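All remarks here apply to the structure that follows.
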Amino acid sequence: MPLEFENVSRDVPMDNKGGTGNHFLIALASDITALPLPADTDLTAAGSIPAASITLAATKSWKRIEATLDRGQINSEPIGGRDSGSYRNTATVHSAANNAKKVGLANYMNNKDVIVLVPERNTGQYRVFGTLTDPAFVKPASGTGDGAEGQNEARFVIESVGLMAPYVTGTVTVGP
């Protein structure tokens with residue numbers, strides 16, 4: 001059945017807090033062997049990808065980057081004009097206590113084509129940034145804050161362009 005309008009209820013949960021979870025998962029786009037686009041069979045399928053359909057090469061795995069719980073956000077902003085619309089998806093995550101390993105991570109991931117999964121804080125569900133044909137990229141930065149009360153942190157802005165960042169349904173397996 002082709003995609004068409006459906007009734008969509010308001011469905012507001014009792015606890016509806018925003019932000020991202022306390023980590024994100026990342027892999028090089030070249031390490032992903034399958035990452036389908038959302039199906040156009042119904043509205044739920046058009047906004048999600050089954051976790052089981054995302055596969056990595058035999059020796060590869062998602063890497064977990066820890067983050068500060070109350071310092072992240074996900075945005076999907078429409079771009080383009082009539083008949084050429086798309087979305088710029090961004091997730092900003094922060095990781096406290098900048099150090100040499102985080103600077104090394106920033107240097108390594110700079111200019112890499114990646115696929116990133118960022119969990120929403122409220123639902124715990126991951127959102128997918130990037131596709132195999134149009135991977136995401138990360139703009140890493142760090143700062144030591146302004147004085148003793150400032151934020152000493154590494155910051156990662158994950159960006160992709162395309163469909164609004166879909167949800168992942170099911171369980172994502174994280175490797176070592």
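Please treat every number below as a calculation from the coordinates, not as lab data. Predicted model only: the values in this text are computed from it and were never measured. When we count neighbours, we look across all protein chains shown, and the Cβ atoms used for this are built from the backbone with ideal geometry, even at glycine.
For Lys139, the lysines whose Cα comes closer than 18 Å to its Cα, not counting residues fewer than 8 places off in the same chain, are Lys63, Lys101, Lys102, Lys112. Apply 1/(1 + (r/R0)^6) to the Cβ-Cβ distance of Ala97 and Val172, taking R0 = 25 Å, and write down the FRET efficiency to the nearest 0.05. After rounding to 0.05, the efficiency reads 0.45.
Extension gain for Ala52-Glu6 works out to 14.0 nm (0.36 nm per residue, less the C-alpha to C-alpha distance).
When Rg and the Kirkwood Rh are both derived from Cα coordinates, the Rg/Rh ratio for the chain amounts to 0.98.
With all pairs of separate Cα atoms included, segment 1-78 yields a Kirkwood hydrodynamic radius of 15.8 Å.
Here the label points at Leu43 and Glu149, each 7 Å from Cα along the C-beta direction, are separated by 4.6 nm in the simple model.
Between Leu132 and Asn110, the contour length at 0.36 nm per residue exceeds the Cα-Cα span by 6.1 nm. Taking every Cα-Cα distance in segment 111-176 and sorting them into 5 Å bins from zero, the calculated P(r) comes out as 4, 15, 18, 19, 18, 12, 8, 4, 1 percent. Relative contact order, whole percent, for segment 50-129 stands at 21, derived from Cα pairs under 8 Å and 6 or more residues apart. Maximal additional length on extending the Arg82-Asn122 stretch stands at 11.1 nm, based on 0.36 nm per residue less the C-alpha distance. Set the Cα radius of gyration of segment 78-125 against 2.2 N^0.38 Å, with N its number of residues, and you get 1.62.
For segment 127-163, which GluC sites (Glu not before Pro) are in a loop by DSSP, counting at most 15 other Cβ atoms within 10 Å? Walk me through the numbers on the way to the answer.
Values: sites: Glu149, Glu153, Glu159; in loops: Glu149.
In loop regions of segment 127-163 (DSSP not H, G, I, E or B), the sparsely surrounded GluC sites (Glu not before Pro) are Glu149.
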